[in-house]
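The values are calculated or read from the model by the stated rules, or taken from the named source; none is laboratory data. Remember, predicted model here, so these are calculated numbers, not experimental data. Cβ placement follows ideal geometry from the backbone for every residue including glycine, while neighbour counts extend to all protein chains displayed.
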Number of protein chains: 2
Amino acid sequence: MSPTTAIDGNSNPNKKFKVTVVGSGNWGSVAAKLLGSNTLKLSSFHDEVRMWVFEETLPSGEKLTDVINRDNENVKYLPGIKLGRNVVADPDLVNAVKDANMLVFVTPHQFMEGICKKLVGKVRSDAEAISLIKGMEVKMEGPCMISSLISELLGINCCVLMGANIANEIAKEMFSEATVGYREHREVAERWVNLFSTTYFIVSAVEDVEGVELCGTLKNVVALAAGFVDGLDMGNNTKAAIMRIGLREMRVFSKLMFSSVKDNTFFESCGVADLITTCLGGRNRKVADAFARNGGKRSFDELEAEMLQGQKLQGVSTAKEVYEVLSKRGWQELFPLFTTVHEISIGRLPPSAIVEYSEHTPNFSLVEGSAQYY
Amino acid sequence: MSPTTAIDGNSNPNKKFKVTVVGSGNWGSVAAKLLGSNTLKLSSFHDEVRMWVFEETLPSGEKLTDVINRDNENVKYLPGIKLGRNVVADPDLVNAVKDANMLVFVTPHQFMEGICKKLVGKVRSDAEAISLIKGMEVKMEGPCMISSLISELLGINCCVLMGANIANEIAKEMFSEATVGYREHREVAERWVNLFSTTYFIVSAVEDVEGVELCGTLKNVVALAAGFVDGLDMGNNTKAAIMRIGLREMRVFSKLMFSSVKDNTFFESCGVADLITTCLGGRNRKVADAFARNGGKRSFDELEAEMLQGQKLQGVSTAKEVYEVLSKRGWQELFPLFTTVHEISIGRLPPSAIVEYSEHTPNFSLVEGSAQYY
């Protein structure tokens, strides 16, 4: 095995991988910067990283892509950080992806279905994808994963990258970690790890796409619970207990949805570390804190409008979707935290209910074949 | 099975368990309060909870035990909280334990060997013990567990109870959790769970004494690392990453020391939850924060003297003991966080080194037979 294959899984030294980032928000821009600095160093990748930008006209009258390509800076979503001259903004989605065989998806999740539909038949058949998108939908029949959507619509393999990564801290090159979740193809996962890793951004891979991706969504429900505890001034003991119970429910829910999910995934950056970051900072925690301080008398809709300029909290909608799955299957008692978060968020229970259920170790023998998951 | 056996494992309705708490500091007093409120409710326990108090003369000239027995309050170590009239302070160690068959040990760990030696031959042969003591010694040949010390010197079975439990928050009846670790005897563990559980203090049991007890010690090393990160103003991403790496090293170290240790233990209150509490608050974190803010120029000895009135940080001595085990076995590379914490604490590396090692997934195949632990 040559040194090249050992590092990036590329057995043909003449074949260079070409990277395109689909998305250019805050996290997308940070990802493009990080990838761009790595493609310059790694011989098996083309230097250029193309970034699809949803075109906007800035207050100055200039196009966002023109400014990015002139100043190497996304002045709107990542001001003050140079992306590198080899990051090229492209307003044309189909043109941006046409030569790429490494596709990095990092857009708001509600846009992904539309984007994939536009890309059907337009991506290379040998392309590999990775999704950095947190927050897919949990439907009745189970969670609808963004990685599956990409795989199914585009007919390509799709990994995920999740973790305790606050974009602005990574932009400043502060030490952090991430987890790549992959299905079967270890050498592809290693190529992604290689492409994303830096001395300050440590990436490792686990063979568990669903586990990694579910961590990224379900943590937001736990962050609401942590925010309620903060808003009630309950202290660190209580907050730690709630986070722990939340991590357990994330784990059990994921394993009941996908029997392939592994316990070890929850010890990775995408699991316990992302949960900690999200429950310490993060907007789900923050708005839930305000909700509890107001005794639940002001609705999430009202607080979101005031605190988030109309953006919606993912945790609230995920809690609702999870609750629907639990109700349909009669599993509410197995998930007292998830259930209570939803009931608090719709005003059926007061915020203090978050610590009023007693834990009564859930009886998983009630769920056929599920005892092994606990 | 009668309802009595189902609840507390007591198959003889005429046999009542008698509880003595050995220790009366802050956590000991909270434990006595909690146990005293439960013995009044549970028919299989004698109402009285005896508490051995290391006698002191208060500034008023009164004996501490006299004040506790008159006012039902440990005015020195838990002022403002009523212990209950059935908690009886006893300055005579041998007298306090002589009738008890449920012994709760909760003293500073350095006193335990002396206390056990005084108790040899003085405890009932059918007594069961539980240790709430965090911080045993890690010796060359492996960790020296307090529960083993008690078992070996007194010839009785010993469980442990650990978790995210800050005594003062539990005294105020804020929601929190704990984990009982037991060896073999499930029915004894259930009796302890029953004796400690309240609606606000949720206890569960795992068959893993060593895992539970090691969590209680090793977390203090991770708390130093978290404190360094705080003192360097590194942000939540970095702190979460360091806590996660710390949890992994706790897990791998424990499993290398005792092959019986279980992964699931680290998902319990004694694992991830206690780690979170300790890294958010706690004096190890606090002094390490000050150490890093001073650029390591003021020693831990100096900061401890100033900030802790001469008390010593457990994390610093545990880090040293762990380091000795790692050096002797040539395992430093497998535990970059534990190793770095010690080297920072003795001034060999600057505080910023805590995020300068790159993670390079440790190669456990170097340790014979250990690959399975990772």
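General observations
- Residue satisfying all of: in the stretch A:286-331; under 26 Å from A:Ser254 (Cβ atoms) and among the hydroxyl-bearing types (Ser, Thr, Tyr); nearest to the chain's Cα centre (by Cα) among these: A:Thr318
- Cross-chain or 6+ apart pairs with Cβ under 7 Å, the stretch B:52-64 first and loosely packed, with under 13 Cβ neighbours inside 10 Å, then of a type outside the set (Val, Ile, Thr): B:Thr57/B:Lys63; B:Leu58/B:Leu64; B:Leu58/B:Lys76
- Number of the exception - B:Val252 against (1) more than 30 Å from B:Ala31 (Cα to Cα); (2) surrounded by 23 or more Cβ atoms within 10 Å (Cβ to Cβ); (3) out of contact with any strand residue (DSSP E or B) (no Cβ under 8 Å at 6 or more places or on another chain): (2)
- When A:Ser125 is tested against (1) more than 14 Å from chain B (Cβ to nearest Cβ); (2) in contact with a strand residue (DSSP E or B) (Cβ under 7 Å, 6 or more places away or on another chain); (3) of a type in the set (Ser, Thr, Tyr), exactly one condition is not met: (2).
- Qualifying positions in the stretch B:57-105 - among the charged types (D, E, K, R), in contact with a strand residue (DSSP E or B) (Cβ under 7 Å, 6 or more places away or on another chain) and assigned to a loop (DSSP other than H, G, I, E, B): B:Asp99
- Every pair of residues 6+ apart whose Cβ atoms lie under 6 Å, when the first sits in the stretch B:302-314 and is in the same structural domain as B:Phe291 (by TED's automatic domain parsing) while the second is assigned to a loop (DSSP other than H, G, I, E, B) and among the small types (Gly, Ala, Ser): B:Gln314/B:Gly135
- If you go through the stretch B:169-208 and keep only what is among the aromatic types (Phe, Trp, Tyr) and under 25 Å from B:Met257 (Cβ atoms), you end up with B:Tyr182, B:Trp192.
- Hits in the stretch B:199-257 (condition: among the β-branched types (Val, Ile, Thr), farther than 30 Å from B:Gly296 by Cα and at the interface with another protein chain (Cβ under 8 Å from one of its Cβ atoms)): B:Thr199, B:Ile202
- Restricting attention to the stretch A:49-62, the residues being over 24 Å from A:Met112 (Cβ atoms) and either out of contact with any Leu (no Cβ under 8 Å at 6 or more places or on another chain) or of a type in the set (Gly, Ala, Ser) (or both) number 4.
- Some residue of the stretch A:162-181 being out of contact with any Lys or Arg (no Cβ under 7 Å at 6 or more places or on another chain), farther than 20 Å from A:Val49 by Cα, surrounded by fewer than 19 Cβ atoms within 10 Å (Cβ to Cβ) and more than 13 Å from chain B (Cβ to nearest Cβ): no
- B:Lys117 vs. criteria part of a helix (DSSP H, G or I) and either assigned by TED's automatic domain parsing to the domain that holds B:Met162 or among the hydrophobic types (A, V, I, L, M, F, W, C) (or both): yes
- Considering (1) in a loop (DSSP other than H, G, I, E, B); (2) basic (Lys, Arg); (3) modelled with pLDDT of 95 or more; (4) buried (at least 18 other Cβ atoms within 10 Å of the Cβ), the lone condition that B:Arg124 does not fulfil carries the number (4).
- Any hit, the stretch A:182-191, residues being assigned to a helix (DSSP H, G or I), under 16 Å from the mean Cα position of the chain (by Cα), more than 8 Å from chain B (Cβ to nearest Cβ) and of a type in the set (Ser, Thr, Tyr): no
- Identity of the residue in the stretch B:263-288, surrounded by fewer than 21 Cβ atoms within 10 Å (Cβ to Cβ) and away from every other protein chain (no Cβ under 11 Å), that ends up farthest from B:Asn236 (Cα to Cα): B:Arg283
- Some residue of the stretch B:15-36 being farther than 17 Å from B:Ile130 by Cα and free of Cβ contacts under 8 Å to residues at least 24 places away in the same chain: no
- Exclusive hit being modelled with pLDDT under 95, over 18 Å from B:Val104 (Cβ atoms) and not assigned by TED's automatic domain parsing to the domain that holds B:Glu141, set B:Met243, B:Met257, B:Met250: B:Met257
- Any chance B:Glu152 is surrounded by 15 or more Cβ atoms within 10 Å (Cβ to Cβ) and either within 21 Å of the chain's Cα centre (by Cα) or in contact (Cβ under 8 Å) with a residue 24 or more places away in the chain (or both): no
- Residue match in the stretch A:93-103 (condition: modelled with pLDDT under 95, among the polar types (S, T, N, Q) and within 23 Å of A:Ala178 (Cα to Cα)): no
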